[in-house]
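Participant: Dropping the structure in here first, questions after.
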Amino acid sequence: MPGALVSIITPVFNGEPYLAEAIDSALSQTYSNFELLIVNDGSSDNSRQIIEPYLRDPRIHYFEKTNGGVASARNYALRHAQGKYIAFLDQDDKWLANKLALQVEYLEGHKDAALHYAKQQVIDTDGHAFSFDWPTGVTGSCLREIFQRNQITILTTLVRKSVINEVGFFNEALSGTDDYEMWMRILLKHPIHFDNTILAEYRLHDTNVSLDSFKMTIRDLETITTFLSSHPEAKPIIGPAAIRARLFELNTQLAGWYAWKNKDFKQARSHYLVSIRQKPLYIRAYIRWLYYILTDTQRQKLSWYHSKINRWFHK
């Protein structure tokens, strides 16, 4: 007798290089009672031609839509998903064969857990594994820990569809960190479970947004501020100290990046002001804020004097 139906959601946008490997890893699951919903989100490459031979499998459902981003594609699939559980497999990643079997067994036996997630192996463009520092492992009612840093990678998750219906679909304005915001909404209401087992392979390549620290920091800040403004009831759970520390960390990072990468000193000053509000005794933020008020000429003169004084003290 088949177990509970799992809906696998695969958004596709110009996924030609690795798409077949992703689909094959879904079809190779030892747990066979699933539907695979592939959403072609306006691809302009040969993604459709790669998908077409797989459509002979009745478990695979194919959709096309105009490009709206990964959160839009995931939501499109969720509206068609029939499964008790939802899994997410992006176009360039892969699963190990026992992923769904292990996760369905756990969630069927632990009705309180809203979500099961696990470890992943990072691979390169050729599929070779390599070491990559990706902290993970928090479990239970861990909203504060996830707020401080998203440790849940979406390709390792299995989520109850009833929980997604309860908390709402992905926020399409946060495409790229839409999963992070959803995990926090889930953790407001339910515990989750972590399994210290590698169940998936996450592929790092040049187009991964996760490799761009600047963009990811911007998106993380947008995500936590959106979450806090939409869910003020989360603030006492997370705690004021953790909120201040997270806002200080992200705004300080962004201030430095805006100043040094973009030469956008106005943005740098605005982020330093937020940092100061979070940690009023952090003197370096005041110094940097004042430094970026100066003109280019004034900063050059100040740097010259600073260098001269340093040489004098080190004679």
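The values are calculated or read from the model by the stated rules, or taken from the named source; none is laboratory data. Model, not experiment: these values are computed from the prediction. Cβ coordinates were reconstructed from backbone atoms using ideal geometry, including for glycine residues, and neighbour counts include every protein chain displayed.
Participant: If A73 satisfies all but one of (1) crowded, with 19+ Cβ neighbours inside 10 Å; (2) in contact (Cβ under 8 Å) with a residue 60 or more places away in the chain; (3) over 23 Å from the mean Cα position of the chain (by Cα), what's the number of the condition it fails?
Facilitator: Result: A73 passes all but (3).
Participant: Mind listing whichever residues of segment 274-285 are surrounded by 11 or more Cβ atoms within 10 Å (Cβ to Cβ) and either farther than 16 Å from G256 by Cβ or touching a residue at least 12 places away in the same chain (Cβ under 8 Å) (or both)?
Facilitator: Selection gives V274, S275, I276, R277, Q278, K279, Y282, A285.
Participant: Pick out, from segment 198-272, the helices (runs of 4 or more DSSP H) lying fully within it that include 2 or more residues that are out of contact with any His (no Cβ under 8 Å at 6 or more places or on another chain), under 28 Å from F132 (Cβ atoms) and without any contact (Cβ under 8 Å) to a residue 40 or more places away in the chain.
Facilitator: Qualifying helices (runs of 4 or more DSSP H): 213-230, 240-260.
Participant: May I ask you to say which residue of A259, A245, A241 is surrounded by 16 or more Cβ atoms within 10 Å (Cβ to Cβ) and either modelled with pLDDT of 85 or more or among the hydroxyl-bearing types (S, T, Y) (or both)?
Facilitator: Working: A245 fails: surrounded by 16 or more Cβ atoms within 10 Å (Cβ to Cβ); A241 fails: surrounded by 16 or more Cβ atoms within 10 Å (Cβ to Cβ).
Within the list A259, A245, A241, the selection yields A259.
Participant: Scan (1) buried (at least 16 other Cβ atoms within 10 Å of the Cβ); (2) modelled with pLDDT of 95 or more for the single condition T136 breaks and write down its number.
Facilitator: Among (1) buried (at least 16 other Cβ atoms within 10 Å of the Cβ); (2) modelled with pLDDT of 95 or more, the lone unmet condition for T136 is (2).
Participant: For residues that are under 12 Å from the mean Cα position of the chain (by Cα) and in a helix (DSSP H, G or I), scanning just segment 157-197, find the one that is surrounded by the most Cβ atoms within 10 Å (Cβ to Cβ).
Facilitator: Among them, the one singled out is M182.
Participant: Moving on. Using beta carbons and a limit of 6 Å, which pairs, at least six apart or on different chains, have the first residue in segment 109-131 and touching a residue at least 40 places away in the same chain (Cβ under 8 Å) and the second one small (G, A, S) and surrounded by 10 or more Cβ atoms within 10 Å (Cβ to Cβ)?
Facilitator: Sorted first by the residue in segment 109-131, then by its partner, the pairs are Q120/A200; Q121/A129; I123/A129.
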